[in-house]
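Since every read-out is calculated from the coordinates, none of them should be taken as a lab result. What you see is a predicted model; the values in this text were computed from it and never measured. In this analysis, Cβ positions are derived from the backbone assuming ideal geometry, glycine residues included, and neighbour counts consider all displayed protein chains.
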Amino acid sequence: MARLGFAYYGKPYKDAELKASRMLLSGGLGYRNKGFFVDLTYVHAISKDVNFPYRLEDRANTFAELKQQKGNIVATVGLKF
């Protein structure tokens, strides 16, 4: 079996100036026979976020914009009785 997946998590902040989101792309192959199964998947994550070293109440806050990409290989093996 083959499969593809996609997930998008939108902006968690109210402020329009703060740009953040997360997107996951995945693809994998699997095998199933009677009660045995195995699945191997690659997940690529792309994320944007902001980081505040500290927050001030009386003036504009300074923040850093973060961009990150990473990949994971996930394997699942199981038996079904």
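Using 1/(1 + (r/R0)^6) with R0 = 35 angstrom and r between the beta carbons of residue 36 and residue 62, what's the FRET efficiency to the nearest 0.05? Let's see the in-between values first.
Details: r = 55 Å, r/R0 = 1.57.
Computed FRET efficiency for residue 36 and residue 62: 0.05.
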- Item | Lysine-lysine proximity count for the chain, Cα under 14 Å, sequence distance 8 or more or distinct chains | 8
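Can you work out the FRET efficiency for the pair residue 54 and residue 20, with r the C-beta to C-beta distance and R0 = 25 Å, to the nearest 0.05? Don't skip to the end; give the middle numbers.
On the way: r = 18 Å, r/R0 = 0.74.
My answer for the efficiency is 0.85.
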- Message: Let me check I have the definition right: for the chain, take the eigenvalues of the Cα gyration tensor, multiply each by 5, take square roots. What are those semi-axes in whole Å, largest first?
- Response: 41, 11, 10
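Got the relative contact order for the chain handy, in percent, Cα pairs under 8 Å and 6 or more residues apart?
27 percent
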